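The structure appears right after this line, and notes come after that.
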Amino acid sequence: MVKLLGLFLSFMGCTVAWDGRIVFEDNFDGTNLDLNKWEYQEGCGNQYGGNNLQCYTRNNVAVQNGNLVITARRENMEDKEYTSGRIRQRGNGILYGAYVVRARFSRGDHLHPALWLFYRETDCRYEEIDIAEYRGQPSEARKLAMAAHWGKEWYAITSKETLVNTPEDLSAGFHEYAVLWRPASIEWYIDNVKYFEASLTDGSFTRDPNKLPCRGEPKPFMMPSNFIFNIAVGGGFFGDFPPMNPSTWTKPSMEIDWVRVYQE
């Protein structure tokens with residue numbers, strides 16, 4: 001598996017440096033999205049998340065100044081008042097390794113930038129690893145959600161998740177977000193500091209028989225997954241917050257400098 005170099009204990013957890021063979025990488029050079037590595041996910045329906053307020057369109061995805069840039073906009077499309085962008089990694093996905101993304105998040109009410117991994121075949125088997133989910137509200141500037149969701153369907157899953165406090169405003173500068181996914185556990189990191197860990201072998205994911213997948217083995221997180229990067233607008237992620245005020249959208253874009261997957 002992935003080698004960890006420079007491992008030591010700090011006051012916030014374990015600090016690591018990633019090493020190993022890079023099996024996937026994009027530095028977002030040039031001026032166009034590499035369609036050999038990525039595909040646009042477009043649409044206005046609930047196939048990309050219920051109760052969101054945006055349509056996804058490729059017009060809101062750009063590659064410029066060495067970054068992938070995804071932007072949310074207040075503009076009408078079909079029955080929605082907002083647009084945004086979403087891309088997915090092409091291919092059959094990758095199983096196990098260190099999945100690392102250097103990114104800067106968007107700022108504004110009800111903006112929901114996300115870096116995540118998702119198993120493509122969702123018919124009666126659901127596997128989602130949220131590397132980083134961010135809320136654009138000023139009060140949430142230093143907070144980040146991390147989660148693993150596994151089960152039969154999106155409405156029948158078991159989750160392990162946390163909301164962590166970080167030292168900095170995560171929309172103000174670039175940071176490295178990573179998960180180290182092994183057969184027995186998933187670990188979450190920000191700037192090489194470990195913040196959260198979920199066991200895959202303690203039985204908690206498989207305790208409820210009503211949530212077990214009806215396809216494949218009843219073992220959590222053993223299927224190859226693909227990156228998805230997007231900004232959603234609104235939805236259940238903001239259920240406990242006041243109504244959206246679009247005038248707070250001081251930075252409606254998420255920039256991604258690079259993405260890599262390391263394996264031994």
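FYI, it's all coordinate maths here, none of it is from the lab. The shown structure was predicted, so the numbers you read here are calculated from the model rather than taken from an experiment. Counting neighbours? That spans all protein chains shown, and the Cβs are built from the backbone with ideal geometry, glycine included.
Note on Met146, Met244, Met77, Met254: ascending count of other Cβ atoms within 10 Å places them as Met77, Met244, Met146, Met254, the fewest first. Just want the answer: with Cβ charges of +1 for Lys and Arg and -1 for Asp and Glu, which residue in Phe229, Trp249, Tyr262 is farthest toward the dipole's positive end in the chain? The listed residue farthest towards the positive side: Tyr262. Based on C-alpha pairs under 8 angstrom that are at least 6 apart in sequence, the stretch 25-132 has a relative contact order of 22 percent. Computed from point charges on the beta carbon alone (+1 for Lys and Arg, -1 for Asp and Glu), the dipole magnitude for the chain about its Cα centre is near 180 Debye.
Backbone phi angles across the stretch 160-167, fed through the Karplus curve with coefficients 6.51, -1.76 and 1.60 (θ = phi - 60°), yield HN-Hα couplings of 10, 8, 8, 10, 10, 9, 10, x Hz in residue order; Gly and Pro are listed as x. Look at Glu217, Glu161, Glu42, Glu127 and count the other Cβ atoms within 10 Å of each Cβ; fewest to most, that gives Glu217, Glu161, Glu42, Glu127. Shown here for the stretch 191-264: chymotrypsin sites (Phe, Trp or Tyr not before Pro) in loop regions (DSSP other than H, G, I, E, B) with at most 11 other Cβ atoms within 10 Å, of which there are none. Rounded if a/c is under 1.5, else prolate if a/b is larger than b/c, else oblate: which is the stretch 61-166, with a ≥ b ≥ c the root eigenvalues of its Cα gyration tensor? The shape class here is rounded.
Structure note, pairs Lys194/Lys219; Lys211/Lys251; Lys80/Lys160: Cα-Cα distances above 29 angstrom occur for Lys211/Lys251; Lys80/Lys160.
Candidate values [x] 5, 12, 9, 6, 5, 5, 5, 5, 6, 6, 6, 5, 5, 4, 4, 3, 4, 3, 1, 0; [y] 7, 30, 38, 22, 3, 0; [z] 4, 9, 18, 15, 12, 10, 8, 7, 5, 4, 3, 2, 1, 1, 0, 0 were compared with P(r) over Cα pairs in 10 Å bins from 0, in percent computed on the shown model; the agreeing label is [y]. Distance from the Cα centre of the stretch 158-235 to that of the stretch 75-138, in angstrom? Here the answer is 13 Å between Cα centres. Contact order for the chain, expressed relative to its length and based on alpha carbon pairs under 8 Å spaced 6+ residues apart, stands at 29 percent.
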